[in-house]
Amino acid sequence: MQRAVTDHLPKNAWKRLDEPSMIDRPDLDTYVFCRVLEPIQIDNFKDLDMGDNDFEEDLQHVKTGSTMFLRYAIIQDLLLEGKVSILI
């Protein structure tokens, strides 16, 4: 009487879950709320087809504890570095 769906799956079914085609990737153009965990600089023109944008005046300085609403592409590297966290 204690049957589970997983009892009826092929033995190799779990291995396929790690294949690249099964792993979701974030939509880089989606806007997300994030909390700043340490002081950062944000280039709001990052990943927009505007060429290289290394001008200091285009950088936004953001303080720790700030909440931002930005495109995921802008904060992706900062998220991986632990400098921001996504708010759900």
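7 Å from Cα along Cα→Cβ at both residue 66 and residue 30: what's the point-to-point distance in nm? Between residue 66 and residue 30, the simple spin-label model gives 2.4 nm.
Counting only protein heavy atoms and using a 1.4 Å probe, the accessible area of residue 21 comes to about 100 Å².
In this structure residue 80 has an accessible area near 140 Å², from a 1.4 Å probe over the protein heavy atoms.
Restricting to DSSP loop positions (anything but H, G, I, E, B) with no more than 13 other Cβ atoms inside 10 Å of their own Cβ, which chymotrypsin sites (Phe, Trp or Tyr not before Pro) remain in region 1-39?
14
The values are calculated or read from the model by the stated rules, or taken from the named source; none is laboratory data. Quick caveat: nothing in here was measured; it's all calculated off a predicted structure. Because the Cβ atoms are built from the backbone with ideal geometry, glycine has one as well, and the counts that use them run over all protein chains shown. Accessible surface is based on the protein model in full, side chains and every heavy atom, while ligands, DNA and RNA are left aside. Shrake-Rupley method; radii C 1.70, N 1.55, O 1.52, S 1.80 Å.
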